[in-house]
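In what follows, a single structure is set out as structure tokens and then discussed.
The values are calculated or read from the model by the stated rules, or taken from the named source; none is laboratory data. Everything numeric in this text was worked out from a predicted model, so none of it was measured. Note that we place each Cβ from the backbone using ideal geometry, even for glycine, and neighbour counts take in every protein chain shown.
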Amino acid sequence: MSKPLPEQNIRLLKLMKQALEQDLLRPSYKPLLQVRFPTRKSFQLGCDLQTGTGQLIPYSSLEKLARLTQTSGELDRWLLEQGLEALKRLHREEAESLLVIPQSATALSDPEYPRRLERQKELRELSFRGLVIAFRLSAISKDLKQANRCFSELHEMGVETMIEGFNHHPAALKILRALGSRYVSVSESLQKGEDGVVEHRIKACHRLGVRILLPEINGPDEVNLHWSAGADLLAGNYIQPPTRDIDFRFPPVII
């Protein structure tokens, strides 16, 4: 017999269910800077929720809340639907657009997930070009067999994958090799670690033909530094959507 949920968890579950059922979530698109192609439209999908008291709950908290209340599957489906519609709009504006859609361990372990994604593609009459589905390394490492199956099927469909939370642990590179993902997003601890660690990981990823995203860019000096080190994509508070008024061609830092 399962234990009753604590009162706080019940309130959180009701909040999450209400947000999903009443369509209260708002999609958010974090701009990504492709270093080699700085004017291309590139985004990472997320969402936020504004409560009745005006509090804004960001995606990082909603993702944890979904895990706590066992609604990750519903949040995955909502994000996927929003993302595919956004990708279709982006393709009308620019064929080379890139959109990263985060998904949870629930999607990763669902054997029907790739086929459901294929049906969504046919329903919306869109191309998977520029679509990247992202899974966290912590979720992947829990069941490598399931992860390998999911990644393989997505790759066969022409969908690119990203490993998020990529760290300095030796097993991370082994998992990357095994899954054949073309994108990784490094963990905050790796990005802010000792000098030379990120550069070493970038070189290791490039040897495998993998593009690397650094997600915590908060100033022009960081853009210069990581561009010089060979990073492929940058995200963070400093990165804004490309416009004619923004110039991302920073001179490289000489170390």
Next on the checklist: Regarding region 162-184, can at least one residue be identified that is acidic (Asp, Glu) and surrounded by fewer than 19 Cβ atoms within 10 Å (Cβ to Cβ)?
Outcome noted: no
Checklist entry - If we keep just the residues of region 201-244 that are more than 22 Å from the chain's Cα centre (by Cα) and under 23 Å from residue 99 (Cβ atoms), which is modelled with the lowest pLDDT? => result 244
Checklist outcome for this item: For residue 185, the lone unmet condition from (1) of a type in the set (Ser, Thr, Tyr); (2) at pLDDT below 95; (3) touching a Pro at 6+ places or on another chain (Cβ under 7 Å) is (2)
Item to check | Residue that is closer than 19 Å to residue 30 by Cα, surrounded by fewer than 21 Cβ atoms within 10 Å (Cβ to Cβ), more than 19 Å from the chain's Cα centre (by Cα) and not β-branched (Val, Ile, Thr), where the choices are 112, 93, 118, 125 | outcome: 93
Checklist entry - For region 28-78, what are the residues that are in contact with a Lys or Arg (Cβ under 6 Å, 6 or more places away or on another chain) and free of Cβ contacts under 8 Å to residues at least 24 places away in the same chain? => result 48
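Per-residue answers, yes or no, for (1) under 17 Å from residue 79 (Cα atoms); (2) free of Cβ contacts under 8 Å to residues at least 40 places away in the same chain:
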| site | (1), (2) |
| --- | --- |
| 132 | yes, no |
| 167 | no, yes |
| 172 | no, yes |
| 185 | no, no |
| 190 | no, yes |
| 201 | no, yes |
